[in-house]
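> Have a look at this one before I ask anything.
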Amino acid sequence: MDEINFRKWLQKNNYSKKMQSDFVSRIKRIEKEIDHCDIDSEYRNDRCVNLLRYFEKNGCNEYMSQIKNCDLPIGKYSMSTYRYTINKYIDFKFDTNNQ
């Protein structure tokens, strides 16, 4: 994750320090829990389409079920915050790549 530039982008887009911290923490947790994925690689591969599949139906799906010992709130509404965070990171990458 390009943490420094992501934080700068969030700040530029008027997200509070708390929200910036929450977004960064969620991305780090996703990278750790999902087979140590790298969100930048996922973006380069398919703009995170495959990664977002893990978060469909609040994580109650075939992709997430393949991960052993996953410590994400699977089946809970809070899984949508992870999907939202991935989408924010996609927006950040898109904006910074098209400047």
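The values are calculated or read from the model by the stated rules, or taken from the named source; none is laboratory data. For clarity, every value in this text was computed on a predicted model and none was experimentally measured. Glycine also receives a Cβ, built like all others from the backbone with ideal geometry; neighbour counts cover every protein chain displayed. The area values use the complete protein model at the heavy-atom level, side chains included, leaving out ligands, DNA and RNA. Shrake-Rupley method; radii C 1.70, N 1.55, O 1.52, S 1.80 Å.
> Straight distance only, please: which lysines reach the Cα of LYS68 with their own Cα at less than 16 Å, same-chain residues fewer than 8 apart left out?
Once the sequence-local lysines are set aside, what remains near LYS68 is LYS32.
> Based on alpha-carbon positions alone, could you give the equivalent ellipsoid semi-axes of the chain from the gyration tensor, as √(5λ), descending, whole Å?
On the way: eigenvalues 105, 44, 25 Å².
Each semi-axis is √(5λ); the values are 23, 15, 11 Å.
> With a cut-off of 8 Å between alpha carbons and a minimum separation of six or more residues, what is the relative contact order of the chain in percent? Before the final figure, lay out each step's value.
On the way: 69 pairs, mean separation 27.6, N = 99.
With pairs under 8 Å counted, the relative contact order is 28 percent.
> Heavy atoms of the protein only, probe of 1.4 Å, neighbouring chains included. What is the accessible area of LYS18 in Å², nearest 10?
That residue has around 130 Å² of solvent-accessible surface.
> Assign unit charges at the C-beta atoms only (+1 for Lys and Arg, -1 for Asp and Glu), then state the dipole size of the stretch 1-80 relative to its Cα centre in Debye, rounded to the nearest 20. Mind dumping the intermediate values first?
On the way: 15 positive and 13 negative charges, 91 e Å.
That gives the stretch 1-80 a dipole magnitude of about 440 debye.
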